1. Would you mention how many residues in the range 110-124 are surrounded by 13 or more Cβ atoms within 10 Å (Cβ to Cβ) and either within 22 Å of the chain's Cα centre (by Cα) or part of a strand (DSSP E or B) (or both)?
2. Take the conditions free of Cβ contacts under 8 Å to residues at least 40 places away in the same chain, exposed (fewer than 15 other Cβ atoms within 10 Å of the Cβ), out of contact with any strand residue (DSSP E or B) (no Cβ under 6 Å at 6 or more places or on another chain) and under 20 Å from residue 189 (Cβ atoms) and apply them to residue 212. Does it pass?
3. Suppose the filter is at pLDDT 85 or above, closer than 25 Å to residue 361 by Cβ and surrounded by 13 or more Cβ atoms within 10 Å (Cβ to Cβ); does residue 246 pass it?
4. For the range 355-389, which residues satisfy the criterion of being out of contact with any strand residue (DSSP E or B) (no Cβ under 7 Å at 6 or more places or on another chain), modelled with pLDDT of 60 or more and in a helix (DSSP H, G or I)?
5. State all residues of the range 274-291 that are surrounded by 15 or more Cβ atoms within 10 Å (Cβ to Cβ) and touching a strand residue (DSSP E or B) at 6+ places or on another chain (Cβ under 9 Å); if no residue qualifies, say none.
6. Among 325, 331, which is the only one that is at pLDDT 90 or above and either at positive phi or not in a strand (DSSP E or B) (or both)?
7. Answer with yes or no whether residue 187 is part of a helix (DSSP H, G or I), in contact with a helix residue (DSSP H, G or I) (Cβ under 9 Å, 6 or more places away or on another chain), farther than 15 Å from residue 50 by Cα and modelled with pLDDT of 80 or more.
8. Would you be able to tell me the number of residues in the range 308-341 that are over 25 Å from the mean Cα position of the chain (by Cα) and under 14 Å from residue 289 (Cβ atoms)?
């Protein structure tokens, strides 16, 4: 027979053992909680399903989404953290189907409304009956990495584009002469051919008056006498267009250095460019004005190339007008705070759609393809301005107009007081 004192001693020993287990469990739980609170990755537990709510999160996850305290997220629907709630539905379905999903890249919504790219790893937790109870997961902010990847892709695209331009330069150098020779032949022969037609037409007119209509080149003379002058004009226009395209391609791929050691008066460059454009400006608008700022410091650069940029911008402004009463305003300005001289070309034209603005300086992108635009003018202009250490900025609104601002740095000149 076991003595009562012996039973009590065993019971006390078991109680002490269990108390030790509880203490060790509590200590282990405290260490795990501390690890969860200190870990840089975001940890969460939420109820199951697309409509599941957040049970608890660690401080890192709260910080990831812009919250000061983890408690602010508790009870919130997980869908509210997704940029597209339907992605939450899809992701939850995959967790139900597979039991876990690893390192899925998802777009999430920061508290300030900005987008965050997050990698999410989630495991489904079952209850004692084997039913889904929780989704436990880890989140890591990869927004910076995604931005770096996008920048790398952009730079890679620039390298590809640069390689294309090198190839284009080689191509242009090789074929420009072959194109220009026959094209010059066409241009030089149009004028005498038209003169021949002008001399022959009165004879044909008299024959037409006495004998009636007759066939010329497979068509009635009564029609041909109107069509032939238009044909000459179209051929000449097309030949000039070819010459213009070849010249722009040469300019775009030209490798010769700019004459950057000249001190220039910007007002003088603008006046020279506008004199060359006087005829086009007069045909395009009756509302043209120019404002020259006084006392502008000189800039350093290539006179002809800056003149080329001014011509391109003013031509674009004129071509953007759909009414000859719409205004074009050219201004030079001084910005002492930024130590810069500015050229501004503003038009009241059709404007540029917002989706096209980021692309207008891309080579060969043009909104005027049907009217002869090559998409090289602004690319050439931006290259020239960058080589002068300046910037080219566009502001536009459809139906209102466009303002182009060029900024030239002035580093060593004393500004007027």
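1. Going through the range 110-124, the residues surrounded by 13 or more Cβ atoms within 10 Å (Cβ to Cβ) turn out to be 110-111, 116-124.
With the extra rule that they be either within 22 Å of the chain's Cα centre (by Cα) or part of a strand (DSSP E or B) (or both), the set shrinks to 116-124.
Qualifying residue count for the region: 9.
2. Details: free of Cβ contacts under 8 Å to residues at least 40 places away in the same chain: yes; exposed (fewer than 15 other Cβ atoms within 10 Å of the Cβ): yes; out of contact with any strand residue (DSSP E or B) (no Cβ under 6 Å at 6 or more places or on another chain): yes; under 20 Å from residue 189 (Cβ atoms): no.
Taking the combined requirement at face value, the residue does not satisfy it.
3. Working: at pLDDT 85 or above: no; closer than 25 Å to residue 361 by Cβ: yes; surrounded by 13 or more Cβ atoms within 10 Å (Cβ to Cβ): yes.
Here the answer is no, as residue 246 does not meet what is asked.
4. Those that are out of contact with any strand residue (DSSP E or B) (no Cβ under 7 Å at 6 or more places or on another chain), modelled with pLDDT of 60 or more and in a helix (DSSP H, G or I): 358, 359, 377, 378, 379, 380, 383, 384, 386, 387.
5. Residues satisfying the conditions are 274, 281, 284, 285, 288, 290.
6. Working: 331 fails: either at positive phi or not in a strand (DSSP E or B) (or both).
Checking each option against the conditions leaves just 325.
7. On the way: part of a helix (DSSP H, G or I): yes; in contact with a helix residue (DSSP H, G or I) (Cβ under 9 Å, 6 or more places away or on another chain): yes; farther than 15 Å from residue 50 by Cα: yes; modelled with pLDDT of 80 or more: yes.
Here the answer is yes, as residue 187 does meet what is asked.
8. Within the range 308-341, the subset over 25 Å from the mean Cα position of the chain (by Cα) is 322-341.
Filter again for under 14 Å from residue 289 (Cβ atoms), leaving 325-332.
Total meeting the criteria: 8.
The values are calculated or read from the model by the stated rules, or taken from the named source; none is laboratory data. Here the structure is a predicted model, which is why all the values come from computation and not from measurement. Ideal geometry is used to build each Cβ from the backbone, glycine not excepted, and the neighbour counts take in all protein chains shown.
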